[in-house]
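Visitor: Have a look at this one.
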Amino acid sequence: RGVVRLRTRTGFIRLAVRSGVPVLPMFVFGELDAVEAVRLLPRPLASWLKRTLRASSNGFVGRYGTPVPRRVPFNLVIGDPIATAAAPSAAATDAEVARVHSLYRAELSRIYHEHRDAFGYGGRELVFANEDLAAG
């Protein structure tokens with residue numbers, strides 16, 4: 001409950017770079033409170049599914065222990081757009097994706113920290129999943 005873990009993937013950034021459109025960072029406060037993930041399978045089987053099929057085996061529980069989400073407000077905060085530059089080669093595209101991804105994560109962090117107290121996330125720390133794994 002004290003940590004907000006985000007996985008930032010780069011596929012949508014790569015698509016934006018190829019298309020020459022800006023990336024718009026957004027964060028929705030409240031969605032973590034609507035449902036909670038529960039493990040449906042034993043850990044070894046769940047790990048095998050995740051590795052082999054790249055599928056999640058979690059279920060979600062909301063209101064009254066059902067899959068219906070709890071009634072909580074969702075508050076969408078939109079950050080500043082991040083412009084992308086056309087890249088003439090694959091290496092340049094990779095460099096542009098890395099640059100935009102870094103700016104995207106910084107903007108997500110900025111809007112999260114700027115608005116978290118207003119939306120009840122004051123005690124929750126924002127952690128990017130790949131940073132968390134690298135540290136641990």
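Visitor: For the range 72-97, enumerate the residues that are in contact (Cβ under 8 Å) with a residue 24 or more places away in the chain and small (Gly, Ala, Ser).
Guide: Answer for the range 72-97, where residues must be in contact (Cβ under 8 Å) with a residue 24 or more places away in the chain and small (Gly, Ala, Ser): GLY79, ALA83, ALA85, ALA86, ALA87.
Visitor: Search the range 10-38 for residues being of a type in the set (Gly, Ala, Ser) and surrounded by fewer than 17 Cβ atoms within 10 Å (Cβ to Cβ), and hand back the single one that is farthest from PHE60 (Cα to Cα). Give the steps one after another, and end with the answer.
Guide: Taking the range 10-38 first, the residues of a type in the set (Gly, Ala, Ser) are 11, 16, 19-20, 30, 34, 37.
Okay, now just the ones that are also surrounded by fewer than 17 Cβ atoms within 10 Å (Cβ to Cβ), so 11, 19-20, 30, 37.
Details: GLY11: 26, SER19: 35, GLY20: 37, GLY30: 15, ALA37: 5 Å.
Among residues in the range 10-38 that are of a type in the set (Gly, Ala, Ser) and surrounded by fewer than 17 Cβ atoms within 10 Å (Cβ to Cβ), the one farthest from PHE60 (Cα to Cα) is GLY20.
Visitor: Further question on the same structure: Any idea how many residues of the range 46-73 are of a type in the set (A, V, I, L, M) and at pLDDT below 90? Don't jump to the end; show me each part of the working.
Guide: First pass over the range 46-73, keeping only residues of a type in the set (A, V, I, L, M): 46, 49, 53, 55, 61, 68, 72.
The next check asks that each one be at pLDDT below 90; those that pass are 46, 49, 53, 55.
Qualifying residue count for the region: 4.
Visitor: Same structure again: Could you list all residues from the range 39-71 that are open to solvent by less than 50 Å² (accessible area, probe 1.4 Å) and either aliphatic (A, V, I, L, M) or within 18 Å of the chain's Cα centre (by Cα) (or both)?
Guide: Answer for the range 39-71, where residues must be open to solvent by less than 50 Å² (accessible area, probe 1.4 Å) and either aliphatic (A, V, I, L, M) or within 18 Å of the chain's Cα centre (by Cα) (or both): ALA46, LEU49, ALA55, VAL61.
Visitor: How many residues are farther than 18 Å from PHE12 by Cβ, open to solvent by 80 Å² or more (accessible area, probe 1.4 Å) and among the aliphatic types (A, V, I, L, M) if we restrict to the range 80-92?
Guide: Number satisfying all stated conditions: 0.
Visitor: Give the range 93-120 a look and list any residue that's open to solvent by 30 Å² or more (accessible area, probe 1.4 Å) and either over 22 Å from GLY11 (Cβ atoms) or over 18 Å from the mean Cα position of the chain (by Cα) (or both), or say none.
Guide: Correct list: ASP94, ALA95, ARG110, HIS113, GLU114, HIS115, ARG116, ASP117, ALA118, PHE119, GLY120.
Visitor: Could you say which residue among VAL97, VAL77 is β-branched (Val, Ile, Thr), in contact with a His (Cβ under 6 Å, 6 or more places away or on another chain), more than 16 Å from ARG5 (Cα to Cα) and modelled with pLDDT of 90 or more? Reasoning before the result, please.
Guide: On the way: VAL97 fails: in contact with a His (Cβ under 6 Å, 6 or more places away or on another chain).
It is VAL77.
Visitor: Given the conditions (1) more than 19 Å from ALA37 (Cα to Cα); (2) in contact with a Gly (Cβ under 6 Å, 6 or more places away or on another chain); (3) open to solvent by less than 70 Å² (accessible area, probe 1.4 Å), which single one is not true for VAL77?
Guide: Looking at each condition in turn, VAL77 falls short on (2).
Visitor: Count, please, the residues in the range 1-53 that happen to be within 28 Å of TYR64 (Cβ to Cβ) and among the charged types (D, E, K, R).
Guide: Going through the range 1-53 one residue at a time, the tally reaches 7.
The values are calculated or read from the model by the stated rules, or taken from the named source; none is laboratory data. Since this is a predicted model, take the numbers as computed values, not measurements. Neighbour counts run over all protein chains shown; Cβ positions are idealised from the backbone, glycine included. Keep in mind that these areas ignore ligands, DNA and RNA; they rest on the heavy atoms of the full protein, side chains included. Shrake-Rupley method; radii C 1.70, N 1.55, O 1.52, S 1.80 Å.
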